[in-house]
Amino acid sequence: MDSKSCTGKERDLESGAAANALFVNDTVHTLSWEDLNVHIEDRKTKTPKAILSSTFGYVEPGKVLALMGPSGCGKTTMLNALAHRLVSTKMQVTGTIQVNGQSTTASKLSNVARYVEQEDALIGSLTVKETVDFGARLALSKSISKAERIQRVHDALQSFGIQDQADSLIGTPLRKGISGGQKKRVSVASQLVTSPKILFLDEPTSGLDSAASREVMSYITGLAKELNLIVVISIHQPSTTTFELLDQIMLLSAGKTCFFGPREGLESYFDTIGYPIPLHTNPAEFILDLVNVDFAKDKSAAKTHLEKIHNSWATSSKSQDVSRHVSSLSQNNTGVLYVENTSRPSVTTVTWTLLHRAFIKSYRDMIAYQIRIAMYTALAIMMGTVWLRLPYEQTSIQTWINAIFFSGAFMSFMAVAYIPAYVEDLQMFRKERANGLYGPFPFMLANFLIGMPYLFLITFLFSVIAYWLANFRPTAGGFWIFTLYLFLDLLAAEGLVILVTSIMPIFVVALAVTAFANGLWMCVGGFLVPPGTLNVFWKCKNLPLPASPVTSAYLSLNRCFPLH
């Protein structure tokens, strides 16, 4: 995306956001934190290591707070701590996080806050409008009618200037979609449509050029002011124009605060402690270089210099003012905020919505099922022509067994082709679960119900081709036994893919582990080596898993095997 493409309606915030009062925040008045600390156990010394140390701060409606600092300074940890997203059991969080002067929890915060991750976790085969609409359907109260929901989606698209791309696909590896900057806006719009009062954004300008970064930030800051939202972002090194869009700055280094306050006060503060920002210099670039000790030649001198900056802030009057203001917020809370949201969509509604979304993906995304159907069809033709019209003779018994083994083993082995599509679904699930929208049960149920018809279609097409070409017993009973056992085999193999990928959601790792497991069960399933000759160690691996029960069932039932 470049600045030329962001003109006209795309830049007209007032036409959407300001017009829709449903999005305006009138309940959350402050987000504050007092003496917030995060420690993690050091792997080498096994002692607590400080990631964040005694941080104070607050944000008010209509303001954008930017968490800044060099890599490893703790800004993402800070953002996750404020959003109650530190899920590691090794992390210890102390201190108080408050909304309207009241202590908050993850479940309470999910009613009023949304989190937009650095990576755009979007389903590429959906359109922009569908992405925002599904976000609304999963989160909005049951009391909101369909017409009201559609209006909200329309207003959200208009607010972010993406109404012209409403029917464009997000984009898949095989089909080009919208630009990177537009994906960022879709990510925010899909959260905004649920009417959050607080927005957390992790590196919203990551991967964008300076022009695209400025456009994305201009939308975010504009919406914060128009809708009276509290926005907290982490950002690495903004350009001068992007930096000027920010309202508040929290500068971190080595987990400690170097500055907190309005952007306009940054220059005067560093001037008073002996570090004036030169004229015609990007302030963000200057202060980040100032507090970055990673590339210093003299580490000792750099650490002494950083300690001076830390101590200057800790003893400054501005720091004391922030601390007193945060304390006063907890003493004078602004009213009751949290009421249990009992009107969220039911499990049935959520499951149906996920089914609808998965169905759209299943027929649009070629990687999910279409390529797999073509692959299994080609595999069936190959098998049928290799084992072509086998004779019904005693000498062909081993050849028949090999054909049966190949059909079951390779059907399960090639199920690894589902990994890329499932990884995308899993990323979306983790984002939506972290935002409190639904749990594992609706996700897995929808995934299972959508996958079954396609898996049966794959099995049926494979059987129609391979069964008759190979000259298995020409009866309907034999054909359907062959088909149904292949279907169960593929279903089990698909379950293995989902299990492994859920544990290790990295494509290459999941592929390697699943392929190894399938290869293992092919070897010990009882057809390459009879179970009686396996040693004790491998006998315990001779379990009823994919490839083993399928071929065993074929032989034991004698339904498709032609010899008598």
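The values are calculated or read from the model by the stated rules, or taken from the named source; none is laboratory data. Because the structure is predicted, anything quoted here is derived from the model rather than measured. Cβ: placed from backbone, ideal geometry, glycine included. Neighbour counts: every protein chain shown.
Between a first residue in the stretch 103-117 that is farther than 21 Å from Asp35 by Cα and a second residue that is small (Gly, Ala, Ser) and at pLDDT below 85, which pairs have beta carbons less than 6 Å apart while being 6 or more apart in sequence or on different chains?
From the stretch 103-117, the pairs are Ser110/Gly436.
In the set Ala493, Ala512, which member is surrounded by 15 or more Cβ atoms within 10 Å (Cβ to Cβ) and within 30 Å of Pro440 (Cβ to Cβ)?
After applying the criteria, what remains is Ala493.
Of all helices (runs of 4 or more DSSP H) completely enclosed by the stretch 392-480, which ones contain at least 2 residues that are under 33 Å from the mean Cα position of the chain (by Cα) and surrounded by fewer than 18 Cβ atoms within 10 Å (Cβ to Cβ)?
Because the criterion is at least 2 residues that are under 33 Å from the mean Cα position of the chain (by Cα) and surrounded by fewer than 18 Cβ atoms within 10 Å (Cβ to Cβ), the helices (runs of 4 or more DSSP H) in the stretch 392-480 that meet it are 419-434, 440-470.
Which residues, taken from the stretch 28-43, are in contact (Cβ under 8 Å) with a residue 12 or more places away in the chain, of a type outside the set (Val, Ile, Thr) and over 17 Å from Ser103 (Cα atoms)?
Correct list: His39, Glu41.
Determine whether the stretch 365-383 contains at least one residue that is hydroxyl-bearing (Ser, Thr, Tyr), in contact (Cβ under 8 Å) with a residue 40 or more places away in the chain and surrounded by 19 or more Cβ atoms within 10 Å (Cβ to Cβ).
yes
Can you work out which of the residues in the stretch 211-247 that are more than 23 Å from Ser71 (Cβ to Cβ) and among the hydrophobic types (A, V, I, L, M, F, W, C) is surrounded by the fewest Cβ atoms within 10 Å (Cβ to Cβ)?
Ala211
Looking only at the stretch 495-504, which residues are over 9 Å from Ile419 (Cα atoms) and not small (Gly, Ala, Ser)?
Leu496, Leu499, Val500, Ile503, Met504
Find the residue count for the stretch 73-102, including only residues that are assigned to a helix (DSSP H, G or I) and aliphatic (A, V, I, L, M).
Of all residues in the stretch 73-102, those assigned to a helix (DSSP H, G or I) come to 75-82.
Imposing the further condition that a residue be aliphatic (A, V, I, L, M) reduces the set to 78-79, 81-82.
Matching residues across the stretch 73-102 total 4.
Please note which strands (runs of 3 or more DSSP E) are completely contained in the stretch 192-257 and include at least 3 residues that are over 30 Å from Gln151 (Cα atoms) and in contact (Cβ under 8 Å) with a residue 60 or more places away in the chain.
Answer list for the stretch 192-257: 248-253.
Conditions: (1) in contact (Cβ under 8 Å) with a residue 24 or more places away in the chain; (2) under 24 Å from the mean Cα position of the chain (by Cα). Pro61 meets all but one. Number of the miss?
That leaves (2) as the condition not met.
If only one of Val93, Val87, Val112 is in contact with a Pro (Cβ under 9 Å, 6 or more places away or on another chain), at pLDDT below 90 and within 28 Å of Leu31 (Cβ to Cβ), which one is it?
Residue meeting the stated conditions: Val112.
Go through the stretch 153-187 and count every residue that is at pLDDT below 85 and buried (at least 19 other Cβ atoms within 10 Å of the Cβ).
Residues meeting the conditions: 9.
Restricting the stretch 188-210 to residues that are of a type in the set (Gly, Ala, Ser) and buried (at least 23 other Cβ atoms within 10 Å of the Cβ), which is nearest to Arg364 (Cα to Cα)?
Ser190
Specify the residue that is farthest from the chain's Cα centre (by Cα); the eligible residues are those in the stretch 248-272 that are crowded, with 23+ Cβ neighbours inside 10 Å and among the small types (Gly, Ala, Ser).
Ser253
Within 22 Å of Lys63 (Cβ to Cβ), part of a strand (DSSP E or B), in contact (Cβ under 8 Å) with a residue 12 or more places away in the chain and not hydroxyl-bearing (Ser, Thr, Tyr): does that describe Phe270?
no
Which members of the stretch 286-313 meet the condition of being surrounded by fewer than 16 Cβ atoms within 10 Å (Cβ to Cβ) and in contact (Cβ under 8 Å) with a residue 40 or more places away in the chain?
Asp294
What do you reckon, is Asp294 under 27 Å from Gly72 (Cβ atoms) and at pLDDT below 90?
yes
May I ask you to say which residue of Gly384, Gly436, Gly451 is on the phi > 0 side of the Ramachandran plot, of a type in the set (Gly, Ala, Ser) and touching a helix residue (DSSP H, G or I) at 6+ places or on another chain (Cβ under 9 Å)? Can you show your working first?
Values: Gly384 fails: on the phi > 0 side of the Ramachandran plot; Gly451 fails: on the phi > 0 side of the Ramachandran plot.
Being on the phi > 0 side of the Ramachandran plot, of a type in the set (Gly, Ala, Ser) and touching a helix residue (DSSP H, G or I) at 6+ places or on another chain (Cβ under 9 Å) holds for just one of Gly384, Gly436, Gly451, which is Gly436.
Touching an Asp or Glu at 6+ places or on another chain (Cβ under 8 Å) and of a type outside the set (A, V, I, L, M, F, W, C): does that describe Gly207?
no
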